Every structure is written in structure tokens, then in C-alpha cells.
Amino acid sequence: MSENTIKTPENLVYEKTSVMTDRVLHYCPGCGHGTAHRMLAEAIDELGIQGDTIGVAPVGCSVLAYYYFDVDMQEAAHGRAPAVATGIKRVLPEKYVFTYQGDGDLAAIGTAETIHACNRGENILVVFINNGIYGMTGGQMAPTTLEGMKSSTSPRGRDVKTMGNPLKITELVAQLPGTYFVTRQSVHTPANVRKTKKALKKALEYQKLNKGTCFVEVVANCPSGWKMTPVQSNKWMEENMFPYYPLGDIKVPEK
Amino acid sequence: MKGNEALAEAAIRAGADAYFGYPITPQSEVIEYLMRENPADRTGMQVLQAESEIAAINMVYGAAGCGKRVMTSSSSPGISLKMEGVSYIAGAELPCLLVNVVRGGPGLGTIQPSQSDYFQAVKGGGHGDYKMIVLAPATVQESVDYVKLGFELAFKYRNPVMILSDGIIGQMMEKVELFEQQPRSKEEPEWATVGKKEGKDSVIVTSLQLQSEEQEKVNLRLQAKYREVEKNEVMYETYNCEDAEYLFAAFGSCARITRKAMEMARKKGIKVGLIRPQTLYPFPADAISELSERMKGILTVEMNAGQMVEDVRLAVNGKTPVEHFGRFGGVIPSPEEILEALEQKIIGG
Ligand SMILES: Cc1ncc(C[n+]2csc(CCOP(=O)(O)OP(=O)(O)O)c2C)c(N)n1
Ligand code: SF4
């Protein structure tokens with residue numbers, strides 16, 4: 001059978017969304033970033049808002065997110081994506097604006113920008129990839145690193161007495177009147193992938209209502225930083241991350 | 001009008017799309033005026049008080065990346081915080097207007113006027129090889145006019161422009177003539193992120209290059225741009241230079257005080273002139289070099305410990321002695337002490 005006899009319309013059950021470019025992802029094998037990208041891209045595609053969406057990439061492993069999302073994008077300084085997104089949204093209020101940020105970016109260096117964008121209720125979508133580690137710089141401790149978890153800057157495990165506690169920033173922003181929809185999802189099983197996409201789609205739809213910030217956390221694995229195989233890392237995530245960062249909606253719009 | 005308020009009104013009239021700022025003395029009147037005036041009703045201009053100068057400059061980045069006319073203002077400690085963002089703006093080649101109403105430093109320093117941020121302004125300020133275009137007003141009128149000029153230059157070169165003012169000009173009341181309201185621009189530059197157009201590539205605003213060769217190309221392009229700026233945009237004024245044997249060099253509010261000292265010296269029969277750079281970058285190096293050939297000595301007068309004097313010395317290149325006189329930490333020099341410095345450091349020296 002040649003490729004052409006396989007690739008017939010009746011055989012085609014799944015296509016890459018046109019909101020993703022053809023560039024080969026630079027992420028490590030099994031990393032959650034790729035799947036999260038794709039779900040966000042599919043949500044944008046299905047809502048038909050590719051030409052009306054402006055994204056903000058962070059500093060972190062997804063610094064090159066603009067290679068993969070085929071929408072207009074800006075690259076922000078480390079932690080500043082919510083401020084950059086605020087600037088964009090304030091001058092282009094009709095556009096859909098999202099940030100895509102890791103835990104170091106969003107919950108350490110960019111904490112002030114995150115909290116205040118949410119507190120102002122900026123009508124943006126914040127996508128937060130929580131892998132409990134600094135992936136890009138080689139596996140240092142993140143604000144979300146679990147107690148006892150080893151990293152290159154907590155080689156004997158995170159000691160919360162001297163290194164602080166893992167930060168549940170998603171629960172924190174849910175407390176703010178400025179947030180409209182806050183949820184925590186994952187992309188490690190097909191069922192969870194579908195839920196994440198649904199949440200992202202809902203969040204983008206809400207942006208039209210001008211009701212406040214939508215915040216979607218995705219608890220993700222970092223096989224390289226955690227020094228595990230992708231399969232091991234997913235199992236470890238279920239057993240260790242989810243008990244501390246439970247999945248599900250944290251704040252949903254009142255009906 | 002008060003300097004800071006006139007500057008804020010000028011921003012509205014120049015057709016600014018947005019202002020993002022954070023309060024700090026002696027420039028808080030800028031955002032206070034804007035909030036009072038509510039330009040959203042007049043022109044649609046957006047005004048937002050950010051949670052910090054860091055956030056404010058990154059909001060500027062975001063809005064500037066959409067091709068909009070954006071301004072921020074602050075004073076020295078706040079400008080230091082903005083420098084990360086300014087470097088990114090310069091690297092991504094975005095236009096924006098910054099105002100620094102300088103106060104004395106270092107650290108929290110003092111709220112009194114100073115010119116101690118000259119180095120930070122003209123040498124780039126943040127990390128990386130970049131330049132801001134730096135305009136130095138000496139009057140409230142000039143700070144108003146430089147808002148308009150600043151936006152024009154920012155868009156002409158896609159580069160951050162800074163108005164380097166100080167607490168004297170910001171707080172001073174002076175008569176001004178305001179220019180007419182200009183419409184906000186409806187243009188969508190092709191480099192702006194306004195939503196991907198069908199059949200076109202998506203627009204990316206970034207200052208990141210993974211390959212060093214690519215980053216070198218960016219730097220070469222920036223340098224070529226700066227050479228153009230140096231060729232086209234130098235502005236300065238000279239006073240009494242035709243017959244002068246000595247020369248003062250001073251900028252901003254300090255140039256006004258120095259002018260008084262010059263008049264006093266002339267009355268005493270000392271033939272002294274004054275050059276006042278209006279652009280600090282690009283610096284009027286050629287003009288100073290030319291003038292230096294017929295001067296017995298040059299005194300720079302600055303409200304700092306000696307910053308512009310370095311650029312003057314580079315321009316003069318040893319052709320005549322160059323000395324510096326300054327008061328700093330928020331102290332304003334008097335014309336009398338400037339004249340005394342001329343007599344002691346240059347004429348007697
Ligand atoms: C101002 C500044 N400080 C530090 C860095 C170095 N740095 C780059 S990415 C990063 C951490 C990224 O971690 P995270 O946000 O968790 O994203 P991940 O890589 O795990 O996806 C750091 C510290 C930087 N680029 N800029
Ligand atoms: S380092 Fe971690 S977060 Fe970064 S790409 Fe690799 S697996 Fe993903």
C-alpha cells in the first residue's frame with residue numbers, strides 16, 4: 001500500500017490543525033508542552049478565531065511557542081507575559097489574547113504580574129503549565145516543586161523550612177474577584193487531553209463576555225527535568241503531583 | 001502650566017493610544033493629570049496605573065507590539081526598573097516614548113532635581129548593545145514639543161525614545177503653547193501583531209535569536225540604524241559662540257542656569273559661549289569638536305558628578321582642556337558658583 005492509498009478522505013479521521021505550523025517541536029520526547037500546545041491550537045481553530053488571536057510566549061521551555069502557533073505572537077521577558085498581554089488587550093480589546101507560561105515564569109519571577117493581571121480581571125486567557133521544575137535551565141527548583149522533590153538546586157529534596165512551600169498559585173488567583181474561570185487540568189491521558197481542550201475552548205469563549213481573567217493550569221510532566229522516562233513521569237505525576245495539585249474546576253462562572 | 005501636566009496633555013494631543021505608569025515623585029502629576037482628564041472620552045487613549053514600573057514597561061511592550069503610540073513616565077528609581085523592558089523593546093525594535101523626570105540618586109536618593117541618569121540614558125541603560133534616542137528639554141515648552149517629536153522619531157526608527165527631563169522642569173510652571181489635537185493613527189504597520197491576515201505569515205514580536213550569527217545580524221542592523229540616527233537627528237543650540245574664547249556645555253534645566261552665568265561673565269568681559277545639546281543621543285560631537293578648535297577651554301556644567309563631560313572630552317579629543325563643574329544629590333548650582341568655576345578651573349587653570 002502506498003501513502004496515497006492510505007491517505008484518502010474516507011480514511012482520514014484526524015488532521016493536524018492549521019493553527020499549528022509544520023515546524024518540528026523542540027520539546028523532549030513525552031513532554032506535556034507539545035500536547036498542551038496542540039489543544040490550545042485546536043480550541044482556537046474550532047472557534048474560528050485564528051486571525052483574531054494574539055498570543056504571548058514566556059521565557060522557559062515554551063519560549064519558542066511562536067514557532068508552533070500560527071497566530072500573531074509576542075515574546076515576553078521572563079515572567080512579564082501577563083503585563084504584555086494587558087498592554088495588547090487594552091489597545092486591541094476585540095482580539096483574543098492569551099499567555100502561555102511555565103511555573104517559574106508565572107509563579108516565581110512573574111508573581112506580581114500574574115496576581116495583578118488577574119486582580120484587574122484582564123480579559124485574557126492565562127495558560128499555566130505546571131511541571132514543578134525549571135525545565136529550560138536544566139531542572140532547578142520551581143515555586144511549585146513538591147516538598148522533598150529533588151532538583152539541581154534542591155539536590156537533597158525541597159526542604160520547606162528553608163526553601164519555602166510549593167505554591168498553589170491557581171487556588172490563590174481563584175480567590176480574586178477578577179478571575180472568571182479557573183481550572184486545573186492535565187494532558188497525560190486521552191480523557192484528560194479532551195477535558196483540557198474543552199476548558200481552553202470555554203475559556204476563550206468567555207473572553208468575549210468581558211467578565212474577567214480565565215486561568216487554565218495544566219499539570220504536566222517534565223521527563224528530562226525529573227530524570228524519568230515519559231511513562232514513569234506520568235505515573236509519578238499521578239501519584240505525587242495530583243494529590244497536592246488536584247485536578248478539576250476551582251472557580252466556575254455562576255449561572 | 002506645570003511641566004508634568006503639560007507633558008501629559010501633550011501626550012493626549014500627540015494622538016497617543018495608551019499610557020502605562022506607576023506613581024513616583026517628582027513625576028506623579030503625569031498619570032494624575034491623565035486620570036483626571038480621562039482621555040478615553042476625548043480620543044480613546046487608554047490610561048492604566050500598573051502594579052510596578054516593570055509591569056508598566058511590559059504593558060508598553062505589548063501595546064507597542066500592536067503598532068500603537070505608547071508612552072510611560074517615571075523618575076530615576078522607577079526608570080532603573082524599566083530598563084529590562086527597554087532592552088527588550090530595543091531588541092524587538094518597537095517604538096515607544098519614555099519620560100524620566102530625574103531625581104537625585106543613587107538608591108532611593110532624594111526627590112530633588114538631578115541629571116545623574118545621563119549615563120543610563122545615553123549609553124542604553126539596560127543590557128545589550130542598544131541605544132535610546134534621548135531628548136533633553138530645557139523648558140516646559142520643549143518638553144511638550146518633544147512628546148510629539150519623540151513619537152515621530154520612535155516610529156521613524158522603531159526605537160525607544162526617552163525624554164530626559166528633571167524635577168525642575170517637571171514641577172515648574174511656565175507658559176506653553178500646546179499644539180493642536182492630532183488624530184490617533186489608524187495605521188496597522190506590517191510588523192505589528194494585530195491578528196494574522198489570511199494568506200500572510202503570522203507576525204512575531206521577539207528579541208530572541210538562538211543562533212549567534214543571527215543575533216549578530218540583529219546587532220548589525222541596530223548599529224546601522226544608530227548611524228542613521230547620528231547622521232540625521234542631532235539637535236543643539238549655541239549662544240554667543242561667534243566671538244567666544246571659552247565654552248560652557250550644559251543640557252536641560254542646568255543649561256538655563258548656565259546661561260545666566262554666561263551673561264554674568266559677559267558683563268565682566270569674559271568672552272564665553274554656551275552649547276546646549278538638545279539630543280543627548282545622538283550627541284552633537286561634531287559641533288563640539290569644531291567649536292573646541294577656537295576655545296581656550298570648555299567647562300561642562302551638570303547636576304551630577306561628571307557624566308556628559310566624558311562625551312565632551314571624546315568629542316574634543318584633547319584639542320582644548322575640558323573640565324566639569326557639578327552639584328549633585330538634588331542640589332541646584334547657582335550662576336555665581338558656575339562663573340566662579342569657570343574662572344578657577346578654566347581661565348585660571
Ligand atoms: C530575568 C531572567 N532571569 C532568569 C532567566 C533564566 N531562565 C530562563 S527559563 C527559566 C525558568 C523556566 O522555568 P518554567 O517557567 O517553569 O518553564 P519550563 O522551562 O519548565 O517550561 C529561567 C530561570 C531569564 N531568562 N531571565
Ligand atoms: S525540559 Fe522538561 S519541560 Fe522542557 S521540553 Fe524537556 S521535558 Fe519538556
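A few notes on this one:
- Alpha-carbon centroids, the range B:72-108 and the range A:52-89: separation in whole Å: 22 Å
- Prolate/oblate/rounded call for the range B:80-232, Cα gyration tensor, a/c under 1.5 rounded: oblate
- Once divided by 2.2 N^0.38 Å, the Cα radius of gyration of the range A:20-251 becomes 0.93.
- At q = 0.08, 0.09, 0.10, 0.12 Å⁻¹, base-10 log of I(q)/I(0) for the protein assembly as shown (Debye sum, equal scatterers on each alpha carbon): -0.62, -0.75, -0.88, -1.13
- Of A:Ala112, A:Ala43, A:Ala199, the residue with the greatest mean-square motion in the GNM of chain A, using alpha carbon springs below 10 Å, is A:Ala112.
- Helix B:53-65 vs. chain B, principal-axis angle (Cα, 0 to 90°, nearest 10): 60 degrees
- Residue of B:Leu34, B:Leu94, B:Leu178 that the Gaussian network model of chain B assigns the largest fluctuation, springs spanning Cα pairs under 10 Å: B:Leu178
- In this Cβ point-charge picture (+1 for Lys and Arg, -1 for Asp and Glu), chain B has a dipole of about 200 debye about its Cα centre.
- Remark: for residue pairs A:Lys16/B:Lys200; A:Lys198/B:Lys68; B:Lys231/B:Lys296, the C-alpha separation exceeds 31 Å in A:Lys198/B:Lys68.
- Across the range B:204-218, computed HN-Hα scalar couplings (Karplus, 6.51 cos²θ - 1.76 cosθ + 1.60, θ = phi - 60°) run 10, 9, 7, 10, 9, 10, 7, 8, 4, 4, 5, 5, 5, 4, 4 Hz from first to last residue, x flagging Gly and Pro.
- Cα gyration tensor category, rounded, prolate or oblate, for the range A:1-150 with a/c compared to 1.5: oblate
- Amide H to amide H distances under 5 Å link B:Gly195 with A:Asp72, where only residues 5 or more positions off or on other chains count and H is placed in the peptide plane.
- For the range A:20-251, with all protein chains in place and a probe radius of 1.4 Å, 54% of the accessible heavy-atom surface sits on carbon or sulfur.
- Computed from point charges on the beta carbon alone (+1 for Lys and Arg, -1 for Asp and Glu), the dipole magnitude for the range A:20-251 about its Cα centre is near 420 Debye.
- Part-to-part distance (alpha-carbon centres) for the range B:250-293 and the range B:184-241, which is given in Å: 33 Å
- If you sort A:Lys168, A:Lys211, B:Lys196 by accessible surface, 1.4 Å probe, largest first, the order is A:Lys211, A:Lys168, B:Lys196.
- Placed amide H near A:Ile250: partners under 5 Å, 5+ positions off or other chain: A:Val182, A:Thr183, A:Arg184
- Rounded, prolate or oblate (a/c below 1.5 giving rounded, otherwise prolate when a/b exceeds b/c) for the range B:237-347 by Cα gyration tensor: rounded
- Filtered GluC sites (Glu not before Pro), the range B:246-349: DSSP coil and at most 13 other beta carbons within 10 Å: B:Glu293
- Among B:Ala192, B:Ala16, B:Ala138, residue whose mean-square fluctuation peaks in a GNM of chain B (springs only between Cα atoms under 10 Å): B:Ala192
- Placed amide H near B:Gly15: partners under 5 Å, 5+ positions off or other chain: B:Gln182
- Rounded FRET efficiency, nearest 0.05, which uses the C-beta distance separating B:Glu228 from B:Glu188 and R0 of 22 Å: 0.35
- FRET efficiency estimate (nearest 0.05) - Cβ-Cβ, B:Lys200 to A:Thr153, R0 41 angstrom: 0.40
- Residue-averaged 222 nm ellipticity for chain B, from DSSP H runs of 4+ at -39500 (n - 2.57), nearest 500: -12500 deg cm²/dmol
- Projecting the Cα atoms of A:Ile6, A:Tyr245, A:Gly104 onto the charge dipole of chain A, computed from C-beta unit charges around the Cα centre, puts A:Tyr245 farthest toward the positive end.
The values are calculated or read from the model by the stated rules, or taken from the named source; none is laboratory data. Quick caveat, the model's predicted, so the values are computed rather than measured. Every residue, glycine among them, receives a Cβ derived from its backbone with ideal geometry; neighbour counts consider all protein chains shown. The area values use the complete protein model at the heavy-atom level, side chains included, leaving out ligands, DNA and RNA. Shrake-Rupley method; radii C 1.70, N 1.55, O 1.52, S 1.80 Å.
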